[in-house]
Amino acid sequence: MAKKSKTRTGTDANSPKSAKKQKLIEGFTRLEAQVEELQNQLLLAAQDRAQLLGLVQQAAQERTQLQSQLDWVLYRLEQLNPEQMQSTLSQLSGWLAGGTTNQNYLSSEVGIDYNSLQNLLAKGKWRKADEETWNLILKAAGREDEGWLTSEDIQNFPCTDLRTIDWLWHEYSNGYFGFTAQQSVWDSVVGSYTEFCDRVGWRVNTAWIYYDGLNFSIDAPQGHLPVIAWRRRSCYGVGKSTASETFSSLLSRLLECAGVP
């Protein structure tokens with residue numbers, strides 16, 4: 001009886017062993033893909049974590065700044081009387097609701113309420129606003145009883161109050177009135193009081209005008225108001241200083257408060 005010969009032509013691709021090997025390879029490939037996807041997810045998670053940490057640090061800094069501002073507000077409130085405190089809280093609430101500090105928060109180092117001046121300027125009542133400005137300046141300087149200012153009073157005048165008064169006049173005249181507007185004219189005449197008065201309308205046809213002769217309207221020359229250097233006639237000062245000396249001291253204080261050497 002003849003024996004059957006065995007021919008070895010290699011491993012049959014359809015054999016159970018080959019199929020198992022193929023499945024292992026496919027499983028390994030899927031595993032590698034899953035590992036790669038997991039690595040990508042971990043990388044994205046690390047990036048998100050770094051971004052979140054940055055936001056947390058920024059929020060912490062903003063919280064510190066806000067706390068500092070709140071401490072300042074509380075300090076200022078402690079210095080106000082009950083009426084002023086109520087007004088300040090109302091203004092602060094408006095600011096937090098979306099207003100602006102410049103328009104609603106009228107600062108003072110000595111507890112002056114500038115709402116009355118703001119209302120007069122907003123209504124265009126220029127003469128009453130000028131008179132109120134003078135009264136508030138005397139009050140801020142502690143010179144209500146004397147009714148005039150010394151050079152020392154001007155040199156030590158509260159910067160915050162000076163800026164608030166200047167801002168109010170500038171804001172409600174569209175930059176036409178106020179100390180800053182007067183400073184601009186003063187610089188243009190190189191500190192000549194006579195030429196300055198000619199420019200702003202405090203001297204007309206070589207005649208020094210009286211207070212009642214002022215033009216209390218927005219049609220007045222630039223820098224016409226407010227009047228601080230004099231009260232009766234533009235060539236006369238208030239107190240022991242001349243009008244020129246008082247006005248020069250006022251503008252020097254304005255520059256000093258603005259940090260200009």
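The values are calculated or read from the model by the stated rules, or taken from the named source; none is laboratory data. Everything quoted here is computed from the prediction, not taken from an experiment. Using ideal geometry, Cβ is built from the backbone for each residue, glycine included, and neighbour counts are taken over all protein chains shown. Side chains are part of the model used for accessible areas, which takes the heavy atoms of the whole protein and leaves out ligands, DNA and RNA. Shrake-Rupley method; radii C 1.70, N 1.55, O 1.52, S 1.80 Å.
Of the residues making up segment 148-197, those that are farther than 20 Å from Ala220 by Cβ, in contact with a Lys or Arg (Cβ under 9 Å, 6 or more places away or on another chain) and not polar (S, T, N, Q) are Trp148, Leu149, Asp153, Ile154, Phe157, Cys159, Leu162.
Within the set Val185, Val190, Val238, the sole residue that is part of a loop (DSSP other than H, G, I, E, B) and in contact with a helix residue (DSSP H, G or I) (Cβ under 7 Å, 6 or more places away or on another chain) turns out to be Val238.
Tell me, please, whether a residue that is open to solvent by 100 Å² or more (accessible area, probe 1.4 Å), modelled with pLDDT of 60 or more, part of a helix (DSSP H, G or I) and basic (Lys, Arg) can be found in segment 32-55. There is at least one residue in segment 32-55 that is open to solvent by 100 Å² or more (accessible area, probe 1.4 Å), modelled with pLDDT of 60 or more, part of a helix (DSSP H, G or I) and basic (Lys, Arg). Just name the residue that is nearest to Leu162 (Cα to Cα) out of those in segment 203-259 that are open to solvent by 70 Å² or more (accessible area, probe 1.4 Å) and β-branched (Val, Ile, Thr). Step by step, filter segment 203-259, then rank; the result is Ile218. Checked against the criteria, Ile112 does not count as closer than 19 Å to Gly223 by Cα and of a type outside the set (Phe, Trp, Tyr). Scanning segment 136-180 for residues that are out of contact with any Phe, Trp or Tyr (no Cβ under 8 Å at 6 or more places or on another chain) and polar (S, T, N, Q), which turns out surrounded by the fewest Cβ atoms within 10 Å (Cβ to Cβ)? Selected residue: Asn174. When Pro221 is tested against (1) without any contact (Cβ under 8 Å) to a residue 24 or more places away in the chain; (2) more than 25 Å from Leu120 (Cβ to Cβ), only condition (2) is not met. Search segment 124-138 for residues that are over 15 Å from Glu171 (Cβ atoms) and pair each with any residue that is open to solvent by 30 Å² or more (accessible area, probe 1.4 Å) and outside any helix (DSSP H, G or I) when their beta-carbon atoms are under 6 Å apart and the residues are at least 6 apart or on different chains. Pairs that qualify, where the first residue is over 15 Å from Glu171 (Cβ atoms) and the partner is open to solvent by 30 Å² or more (accessible area, probe 1.4 Å) and outside any helix (DSSP H, G or I), are Arg127/Phe216; Leu138/Glu144.
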